[in-house]
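What follows is a set of notes on a single structure, which appears directly below.
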Amino acid sequence: MENGTLTKKQVLLYYCVEMEDVARKIASDSDCIHLHSINWRSFDDGFPNLFINKAHNIRGQHVAFLASFSSPAVIFEQLSVIFALPRLFVASFTLVLPFFPTGSFERMEEEGDVATAFTMARILSNIPISRGGPTSVVVYDIHALQERFYFGDQVLPLFETGIPLLKQRLQQLPESEKIVIAFPDDGAWKRFYKQLGDYPAVICTKVREDDKRIVRLKEGDPAGCHVVIVDDLVQSGGTLIECQKVLAAHGAAKVSAYVTHGVFPKRSWEQFLHKNDGTEKAFTYFWITDSCPVTVKAIANKAPFEVISLAGSIADALQT
């Protein structure tokens, strides 16, 4: 403590290949974060051949690793590094995993289902302790709030959210636009309504008709408003598209969307692109964060997409 203020800790940040751009943004946002690299190589048989650079120099230092579990193919090599770093006599270790990828597979609907969210949480709960104690695991907008209880006592999960960054972006929109927040289902409302309580809300719901699930307006009035649909993640995008149609049918002047995690498997983001053929643009803006770097590269400079970076928020979390 100097002059009554807390001195910020210096953090050495390692990162996976996919997260290099985000890591550089984090370091540029904070004088207290210094990037260190890993040699990501493979043996001829395809298994990882990894080397942590400057391993001797990190003893007694606060160390973090920025991960992206974008596919099963990259998880093992990153776990190998994650399990090695705390054992190098570091003062503390923090894993930053912005997107917890198995989060939507959190429950069993019938005997035999495998809840892989629990599996992933158990794996991460076995990260070795460092000299400073348990590993901190930073995750953004995990899919189901009860998943915090899937982690064991050997790690300290820190659950962050991208919603403050969305609110900053909404404040930059013209004052003449009346913003209304739409939740595509009750689950999204439960997760986010308290954080977005300053805005009027519209809630959609899914009802089953014959063998189809139809999106309906449950409560709220979107008429004449710029409606922003908010959810934690998007996969195929089907629910967002159906929600937009319902909102437009009820008189919404504009519809935009925000998700923290733009997963978009099989390039499903393509259906949201603005076309230059004079057709009506369903979504005015589609905001995502850079938690899924593969998507960020794919949608770069493509309307209606805008990327809101988590870099500043992650830099703050590393001071926790």
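The values are calculated or read from the model by the stated rules, or taken from the named source; none is laboratory data. These numbers were taken from a predicted model, which means no experiment stands behind them. Every residue, glycine among them, receives a Cβ derived from its backbone with ideal geometry; neighbour counts consider all protein chains shown. Heads up: the accessible areas ignore ligands, DNA and RNA and are worked out on the full protein's heavy atoms, side chains in. Shrake-Rupley method; radii C 1.70, N 1.55, O 1.52, S 1.80 Å.
The table below gives the values:
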quantity	calculated
Formal net charge of residues neighbouring Val259 (Cβ-Cβ distance under 11 Å; K, R +1; D, E -1)	-3
Net +/- balance of residues flanking Ala249 in space, Cβ distance below 12 Å, scoring K and R +1, D and E -1	+1
Net dipole in debye of region 183-274 [+1 Lys, Arg Cβ; -1 Asp, Glu Cβ; about Cα centre; nearest 20]	120 debye
Gyration tensor (alpha-carbon) shape descriptor, region 109-266, a/c threshold 1.5	oblate
Span-like helix ranges in the chain, DSSP H, alpha carbon extent 18 angstrom or more, Kyte mean at least -1.0	72-84
Farthest toward positive dipole pole in the chain [+1 Lys/Arg, -1 Asp/Glu at C-beta], among Pro134, Pro157, His261	Pro134
Gain on full stretching of the segment that runs from Ala223 to Lys167 - 0.36 nm per residue minus C-alpha separation	18.0 nm
Carbon and sulfur %, accessible surface of region 1-133 computed with the full protein complex present, 1.4 Å	52 percent
Heavy-atom accessible area per residue - the chain, 1.4 Å, Å²	51 Å²
Potential extension, Ser80-Ala253 segment - 0.36 nm per residue separation minus Cα distance	57.3 nm
Where the Cα pairs of the chain fall when distances are cut into 10 Å bins, in %	5, 24, 31, 23, 12, 4, 0
Heavy-atom accessible surface of region 148-301: percent carbon and sulfur, 1.4 Å	48 percent
Among the listed pairs Lys25/Lys54; Lys25/Lys297; Lys178/Lys254, those beyond 18 Å (Cα-Cα)	Lys25/Lys54
Approximate shape of region 25-130 as ellipsoid semi-axes (Cα gyration tensor, √5λ), whole Å, largest first	28, 17, 14
Added length on full extension, which subtracts the Cα-Cα distance from 0.36 nm per residue, Lys194 to Ser37	52.6 nm
Largest-first ellipsoid semi-axes for region 219-297, taking √(5λ) over the Cα gyration tensor eigenvalues, angstrom	22, 15, 10
Cross-link partners of Lys212 among lysines (Cα-Cα below 21 Å; sequence separation of 8 or more within a chain)	Lys245
Set of aspartates and glutamates near Lys8 by C-alpha distance (under 18 Å), chain-local residues within fewer than 8 positions excluded	Asp29, Asp31, Asp316
Antiparallel %, DSSP beta bridges [both residues in the chain], to 5	25 percent
Residue order for Phe118, Phe305 - accessible surface, 1.4 angstrom probe, largest first	Phe118, Phe305
